[in-house]
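Okay, so here's the structure we're looking at.
The values are calculated or read from the model by the stated rules, or taken from the named source; none is laboratory data. The structure presented is a predicted model; accordingly, all values stated were derived computationally and were not measured. Cβ placement follows ideal geometry from the backbone for every residue including glycine, while neighbour counts extend to all protein chains displayed. These accessible areas exclude ligands, DNA and RNA; they are computed on the full protein's heavy atoms, side chains included. Shrake-Rupley method; radii C 1.70, N 1.55, O 1.52, S 1.80 Å.
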Amino acid sequence: MLESVDRFTTVVHVHTVVRQDGQLLLSRRALQLPGGGWWQLPGGHLNEDESVVAGAIRELAEETGVVVETQDLVFRHLMHHRNRAGASRVSVFFEATRWSGEPRNMEPDRCCRIGFFAEDELPSPLLPQVAGALTALRDETPFSVAGWADEPAPVG
């Protein structure tokens, strides 16, 4: 019989890049929330017993009403980072190659604005992990680490 061992765990976030006419879909966190006022890609925490793909599809639909099928979701980047409070996080970034629906704010209690923005004119402030991931996507870097004292060079 296996013995129960306390192990370190980390929160996993999933994010999806949605493009329309060369622009990115972003949402602005509601001001009363942690990180309020910061812009981000659609996404959120992975649920227990949920794959990262299923979580990305769920979060995108819950937040924006946008529907994407599994075969239209492509892995783009993995980031191990510390959030602003110093807690460890793993963020998985996907891109929707095809999607349907009219993007709209489905969670007005969590989001105060949603819209498409040109990549060279993104709103400010962007969550640091989102800004880092967008740079990594542009550079086609599949992995990065951020916020750690001993950060290794990105692998790509």
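In the stretch 19-29, which residues are at pLDDT below 95 and either part of a helix (DSSP H, G or I) or buried (at least 17 other Cβ atoms within 10 Å of the Cβ) (or both)? Matches in the stretch 19-29: Arg29 only. Residues in the stretch 30-56 that are polar (S, T, N, Q), over 15 Å from Pro128 (Cα atoms) and open to solvent by less than 50 Å² (accessible area, probe 1.4 Å): there are none.
Inspect all residues belonging to the stretch 124-147 and state whether any of them is without any contact (Cβ under 8 Å) to a residue 24 or more places away in the chain and open to solvent by less than 70 Å² (accessible area, probe 1.4 Å). Yes, the stretch 124-147 has at least one match. Leu60 meets all of the listed conditions (1) touching a helix residue (DSSP H, G or I) at 6+ places or on another chain (Cβ under 8 Å); (2) open to solvent by less than 10 Å² (accessible area, probe 1.4 Å) but one, namely (1). Considering every residue within the stretch 83-90, establish whether at least one is open to solvent by 50 Å² or more (accessible area, probe 1.4 Å) and in contact with a helix residue (DSSP H, G or I) (Cβ under 8 Å, 6 or more places away or on another chain). Yes, the stretch 83-90 contains a residue that is open to solvent by 50 Å² or more (accessible area, probe 1.4 Å) and in contact with a helix residue (DSSP H, G or I) (Cβ under 8 Å, 6 or more places away or on another chain). Put simply, of Thr9, Thr97, Thr70, Thr16 the only residue that is open to solvent by less than 50 Å² (accessible area, probe 1.4 Å) and among the hydroxyl-bearing types (Ser, Thr, Tyr) is Thr16. As a summary of the residue check, Glu102 satisfies the conditions (1) open to solvent by 30 Å² or more (accessible area, probe 1.4 Å); (2) in a strand (DSSP E or B) except for the one numbered (2). For the stretch 34-56, the set of residues classified as part of a helix (DSSP H, G or I) and without any contact (Cβ under 8 Å) to a residue 40 or more places away in the chain consists of Ala54 only. In the stretch 106-116 there is no residue matching the filter, namely being hydrophobic (A, V, I, L, M, F, W, C), over 21 Å from Ala30 (Cα atoms) and touching a helix residue (DSSP H, G or I) at 6+ places or on another chain (Cβ under 8 Å).
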